[in-house]
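Okay, so here's the structure we're looking at.
Just so you know, all these numbers are worked out from the coordinates, no wet-lab data involved. In this text, all values refer to a predicted model and were calculated from it rather than measured experimentally. Here Cβ is always computed from backbone atoms with ideal geometry, including for glycine, and neighbour counts include all displayed protein chains.
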Amino acid sequence: MANSIASHKDSVAGSIESTSLAKISLQDALNVLEDAFERNADDDAARLRDEIMQSLDRSARPQLLRLLYKRGIDCLKEGRTAVADGLLTWLRQCDPVSLKANLAEAAVVQVLEGAEAATDLFREFVRRRPMHRIQAATEPGLMRAGTLMCVGDVDLNFSLGGFTLPGGHSESQHLFAGAEEGNVFVFCDGLTGYELGGFDVLFNAISDPDVFGPTLDVLAETSETIVNHPKQCLQNTRNWLSETFSGETEFVVPKTVRVAAKRRRADVLADHNLKFPLLLRPVGSQTGDGLVKYDTAAEFTQSDFILEESYLTEFYDFGSEDSFYRKFRCWWIGGTVVPNHLFVHTHWKVHSAASRLETMDGRPALQAEEKEFLADAKSPRRKKINRMMHAIAEANGLDYFGVDFSFLPTGQIVVFEANATMRSHYPEYSDTFPYLSKPATVHVAAFQKMLRAKAGK
């Protein structure tokens, strides 16, 4: 390793044949290779790649792949597209079937040809090779677990080092954190029939039938051991929940109807006898996207048509005497009720960022209220919550799901939704709300315990 990178670059500029890469570090060798890509010196780059591979100890190959990915993505961020293309193309040549290498190729395509072309390329890859080991087991003989997912309209977010799955999924990756068992991603896009054998248990992260109904239909026929079996997920729509608990007295699930696109709004009101205020949300939407509240029929019918397939839900005013709106979340995890959070906001549309940053940050009393909710195990209110959670679990047949709810002035629980298409993990708030780390740890432990129980381990 005695030669300096500067002298080696000089050699490349003159006669590349006269220089030996055996005497410099892998990092420096890649610096030289980047220089060749920068100069569009294809012959020099090809010769350098050959020399690196010949001089590289076999045990150093994983390090090479990691460096190629990191440096290639860094070059993309810096706008050095030619260098990134060279590094990441070589990565895929070295490791043609890996998820990371093909993500790298899609990263280059996204810069050169646009997001649509990159997404199409990545979709085609996972159709050809749907299974990818993401986390290896720490020793042989441990539980073999896999996670079912769909690429769909994936967000190829390379600044975060990979991709973000579209809405309609359960969070999954952090649930395996610290587990001794491995985890295999199983992409289920475009399946017409698929054997899922070889696993002790599968976690179905494809949770929204409004987004991934056709895929869930295919998977529903499998006899494999699955947490959140696709057959159960298929029925779990917003209107199904409302219809199932329409006669419930201890808690209320607001009346919800599903409305086809291009229906006249006046006809919808005539058909369904809905009470105002009403909430309208597009089918398949999450996190309040597209959610609109109408206080009167006159306001609702100012437009003639509902433009896209939507849910209409009767709105219950859950505001408290102190003018705050509170939204609680609990998870059902293999028979255990695990509190997740309490969001408090000044507006009825309660979501994490606005609640945390605009309302709860700097208000110790509200944070103390959330801590009390998270720690409560035996109060009459907690017992009421537990009964509600058990009733919903018995009806929907899911192993793992969250419920968003609040309390009406009468003390009755009002349920907003119950499904697995919810967040359970909020690392972005760990500094401001450090007490959230404990419920997150409890959640992951309960999930892993549920997986092992489902697998019979």
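For the reader, a short list of remarks on this structure follows.
- Over the chain, dividing the summed -39,500 (n - 2.57) contributions of all DSSP H runs of at least 4 residues by the number of residues returns a 222 nm mean residue ellipticity of -12500 deg cm²/dmol.
- Extending 7 Å from Cα along the Cβ direction at Thr441 and again at Ala136 yields two label points whose distance is 2.8 nm.
- Efficiency of FRET from Cβ geometry, Gln54 and Ala354, R₀ 51 Å, rounded to 0.05: 0.35
- Seen from Gln235, the other residues with C-beta closer than 14 Å to its C-beta sum to a net charge of -2, counting Lys and Arg as +1 and Asp and Glu as -1.
- Charge dipole of the chain about the Cα centre (unit charges at C-beta), most positive-ward option of Gly114, Gly167, Pro230: Pro230
- The range 131-232: translational diffusion in µm²/s, Stokes-Einstein, Kirkwood Rh over Cα pairs, 4 °C, 1.567 mPa s: 91
- For the range 195-279, a crude dipole built from +1 on the beta carbon of Lys and Arg and -1 on the beta carbon of Asp and Glu, taken about the Cα centre, is about 760 debye to the nearest 20.
- Pairs spanning more than 29 Å between alpha-carbon atoms, out of Lys371/Lys454; Lys77/Lys327; Lys378/Lys438; Lys255/Lys349: Lys371/Lys454; Lys77/Lys327.
- Shape of the range 28-186, Cα gyration tensor, a/c cut at 1.5: oblate
- Candidate cross-link partners of Lys275 among the aspartates and glutamates, defined by an alpha-carbon separation under 12 Å and a same-chain spacing of 8 or more, comprise Asp295, Glu314.
- Counted residue by residue at 0.36 nm each, then reduced by the alpha carbon distance between them, the extension gain from Ser25 to Arg382 reaches 122.4 nm.
- Options Phe300, Gly247, Phe447, ranked by Cα towards positive dipole end of the chain, top entry (Cβ charges): Gly247
- Residues Cys94, Cys330, Cys150, Cys233, arranged from fewest to most other Cβ atoms within 10 angstrom of their Cβ, appear as Cys94, Cys330, Cys150, Cys233.
- Its Cα centre serving as origin, the range 131-232 has a Cβ charge dipole (Lys and Arg +1, Asp and Glu -1) of approximately 140 debye.
- In terms of its Cα atoms, the range 35-122 spans 39, 28, 19 Å along the principal axes, sorted from long to short.
- Farthest towards the positive end of the charge dipole of the chain, among the residues Trp331, Ala354, Ser55, is the Cα of Trp331, using unit charges on the Cβ of Lys, Arg, Asp and Glu.
- Hydrodynamic radius of the chain by the Kirkwood approach over all distinct alpha-carbon pairs: 25.2 Å.
- Charging the Cβ of each Asp and Glu at -1 and of each Lys and Arg at +1, and nothing else, the dipole of the chain about its Cα centre rounds to 1280 debye.
- Cα gyration tensor category, rounded, prolate or oblate, for the range 325-455 with a/c compared to 1.5: oblate
- Proximal lysines relative to Lys457, as straight alpha-carbon distance under 23 Å, when same-chain residues fewer than 8 apart are discounted: Lys449
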